[in-house]
Each structure stands twice: as structure tokens, then as C-alpha cells.
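Asks: Quick one: the structure is below, questions incoming.
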Amino acid sequence: MTLRIFVDTREDGGVVALHGRLSAAEVREVERAVAERGPESRVDLTYLTGADAEGLEALRCLQESGTALEGASHYMTLLLGRSVTVGPGEPEK
């Protein structure tokens, strides 16, 4: 499955939703979409089914730079190796 990127621009920065599998080929496009939404943007991982090493590293870098990652499955949270918000305002346990 390829990755589909959906963007929803809002006053609070907007959401970039990832559907499918994130691979090295799509990393630049995801980073561009997040950068265009601004510093308050969030990345919704609800429908992200997997990622290669470059995709995981890109998500880690986005989170370290202040971008909120939301909706990750437990599988994706384990792959990322860090806490991710599972819903609006609810930190992963």
C-alpha cells in the first residue's frame, strides 16, 4: 500500500493525516506538508499501518521539533519507541 497524505488547515495550525505505509520515498512530501501548516500543526497517525527506518526517523524528528503526533496504534508507538498522543490531549500510557 502506498501512502496517502491528507491535509486539513485550521486556525490552530492544521492536521496532516497519514494513511498507509510511510517509506523513504514519501518523507520529503510529509515534511513539506507539515512545514506548510506551520509550527502548531499535528500529524495524525491513526491510519498509518507501518513505516521503514527512514519514515520512523522522520516522525521522530518531527516530534522532536515540536510537531504533535496523534492517534498512533500501539504497534506504531512501539516502532517509534516513544510516547505518542492517542487522542486529543490524551498521552499514550
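Rule-based calculations on the coordinates, nothing more; no lab input. Everything numeric in this text was worked out from a predicted model, so none of it was measured. For neighbour counting, all protein chains shown are included, and Cβ atoms are generated from backbone atoms with ideal geometry for every residue, glycine included.
Asks: For residue 68, what residues show an amide H to amide H distance below 5 Å, using hydrogens built from the backbone and excluding near sequence neighbours?
Replies: Amide H neighbours of residue 68, under 5 Å, 5+ apart: 43.
Asks: What number comes out for the charge environment of residue 10, summing +1 per Lys or Arg and -1 per Asp or Glu over other residues with Cβ under 11 Å away?
Replies: Once positives and negatives cancel, what remains is -2.
Asks: On each of the three principal axes of the Cα atoms of the stretch 3-42, give max minus min coordinate, whole Å, ordered largest first.
Replies: 29, 15, 9
Asks: Something else now. Hey, what do the phi angles of the stretch 10-17 turn into as Karplus ³J(HN,Hα) couplings, whole Hz, using 6.51/-1.76/1.60 and θ = phi - 60°, x for Gly and Pro?
Replies: Each residue's phi maps through the Karplus curve to give 9, 4, 8, x, x, 10, 10, 9 Hz.
Asks: Give the long-range amide H neighbours of residue 48: residues separated by 5 or more places, or on another chain, with amide H under 5 Å away, using H modelled in the peptide plane at 1.01 Å from N.
Replies: Hits under the 5 Å cutoff: 20.
Asks: For the stretch 9-47, state which trypsin sites (Lys or Arg not before Pro) are in a DSSP loop and have at most 13 other beta carbons lying within 10 Å of their beta carbon. Could the numbers behind the result be given before it?
Replies: Details: sites: 10, 21, 28, 32, 37, 42; in loops: 10.
Answer in residue order: 10.
Asks: Averaged over every viewing direction, what's the projected area of the C-alpha convex hull for the chain? Give it in nm², one decimal, please.
Replies: Result: 5.2 nm².
Asks: Remind me, what semi-axes does the stretch 15-69 give for its equivalent ellipsoid, largest first in whole Å, using sqrt of 5 times each Cα gyration tensor eigenvalue?
Replies: One finds semi-axes of 16, 12, 10 Å for the stretch 15-69.
Asks: Most fluctuating residue of 45, 78, 62 in a GNM of the chain with Cα springs under 10 Å: which is it?
Replies: 78
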